[in-house]
Every structure is written in C-alpha cells, then in structure tokens.
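**Student:** So that we are looking at the same thing, I have put the structure below in structure tokens.
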Amino acid sequence: MDSVPPRALASVLAAFAKMRVRDGSLFRYASACFLSKPASAFSPMDVSDIVNAYSRVGVWDERLLRHMSSAVCDDVTLRMMM
C-alpha cells in the first residue's frame, strides 16, 4: 500500500466518482492506503480530490475524513509558521 502515491490514487478515485461508479472495494482499499500515510503526505489538492470523490459516490469513512482534516490543519499550520 505504501507504494501507491496519494496523488495517483486520488486521481483514480476522482475519475471513478466522475462516472458515478461506486466500487466499495476500491474505496475501502483507497481508505486503507490513505490512512497508512502521514497527514503530511497529502497536498491540499489531494485532500480536495479525495474528499470530493467519496462525497460524489456517497461513501462515508469517518476515519478517513478525520485524517484528511488533520492534513489540512497541518498544512495551514505549516504555512502560518513560514
């Protein structure tokens, strides 16, 4: 799972979501991949694409949403310290 870059998997999910394909096994796999990475591994665009994809197909994963939220908060905090 560590070998899949967040950007690549976010793009795949975005494409599936655009077509309204709700493949539960894909989204569960993606969640596991995303949760295995530190919040700092995600760009704001990654977070946006990931959350949008889950939303568009109606997949709810609270742990993933919390992780994405911490990625945004970490990014904002880092930018404020610069």
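The values are calculated or read from the model by the stated rules, or taken from the named source; none is laboratory data. Quick caveat: nothing in here was measured; it's all calculated off a predicted structure. Positions of Cβ are backbone-derived with ideal geometry, glycine not excepted, and every protein chain shown enters the neighbour counts.
**Student:** Condition first: of a type in the set (S, T, N, Q) and not in a helix (DSSP H, G or I). Now tell me which residues in the range 1-33 satisfy that.
**Tutor:** S3 - this is the single residue of the range 1-33 that is of a type in the set (S, T, N, Q) and not in a helix (DSSP H, G or I).
**Student:** Take M80 and tell me if it is assigned to a helix (DSSP H, G or I) and either modelled with pLDDT under 95 or within 12 Å of the chain's Cα centre (by Cα) (or both). It would help to see each step written out before you state the result.
**Tutor:** Numbers: assigned to a helix (DSSP H, G or I): yes; either modelled with pLDDT under 95 or within 12 Å of the chain's Cα centre (by Cα) (or both): yes.
Yes: the conditions hold for M80.
**Student:** Taking Y54 and the conditions (1) in contact (Cβ under 8 Å) with a residue 12 or more places away in the chain; (2) surrounded by fewer than 16 Cβ atoms within 10 Å (Cβ to Cβ); (3) among the hydroxyl-bearing types (S, T, Y), which numbered condition does it fall short on, given that it satisfies the others?
**Tutor:** (2)
**Student:** Filter the range 16-49 down to residues that are closer than 11 Å to V72 by Cβ and of a type outside the set (D, E, K, R) and give me whichever is surrounded by the most Cβ atoms within 10 Å (Cβ to Cβ).
**Tutor:** F42
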